[in-house]
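Just below is one structure, and these are the notes that go with it.
The values are calculated or read from the model by the stated rules, or taken from the named source; none is laboratory data. Computed from a predicted structure; not experimentally measured. All Cβ positions, glycine included, derive from the backbone under ideal geometry; neighbour counts span all protein chains shown.
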Amino acid sequence: MTKKSMSIAQAAEKLGVSTRTIRRYIKAGKIEAELATGRFGAEYRISELPPELLQREPEDEKPTPGQSTPKTSDQPLGQAMDIIRELQEKNLALAAQLGVATERVRNLESQVKLIAAAEIPWWKKLFTRKRAE
């Protein structure tokens, strides 16, 4: 590994995109990256950025009236599919958390019912004085 390799965050800053976008580019094969051992485990290291990504226009710019919008074939569709997959994974994780929380609530409700239904033991009734009210 060369010393001039950069992290995902550094590549994102250089391209002016988010780190999530850089990860998508790596997954799609647009950026070559190697897994290397870092301080906190395996991390991607990028040796060089492709020239076509360095020259691309920022996505926030809108074309001026009369200017045609360039169409890309699968790029938006691929990004949308990645976002959908991520949301599905988050949905499954949240559903699991909801199931755990629901079960915990049921357990606590049953404990509250047991505490509320607890009567004074028979021996306390037998040996306690009745107060005059």
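Here is how the numbers come out for the structure above:
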quantity: In the range 24-49, the residues that are under 22 Å from the mean Cα position of the chain (by Cα) and basic (Lys, Arg); calculated: ARG24, LYS27, ARG39, ARG45
quantity: Among (1) surrounded by 10 or more Cβ atoms within 10 Å (Cβ to Cβ); (2) modelled with pLDDT under 90; (3) assigned to a loop (DSSP other than H, G, I, E, B); (4) of a type outside the set (S, T, N, Q) - the single one LEU77 does not satisfy; calculated: (3)
quantity: Pair list, Cβ < 9 Å and 6+ apart or interchain, from the range 103-127 residues that are surrounded by 10 or more Cβ atoms within 10 Å (Cβ to Cβ) to residues that are among the small types (Gly, Ala, Ser) and part of a helix (DSSP H, G or I); calculated: none
quantity: Residues (assigned to a loop (DSSP other than H, G, I, E, B) and more than 16 Å from SER47 (Cα to Cα)) located in the range 7-24; calculated: GLY16, VAL17, SER18
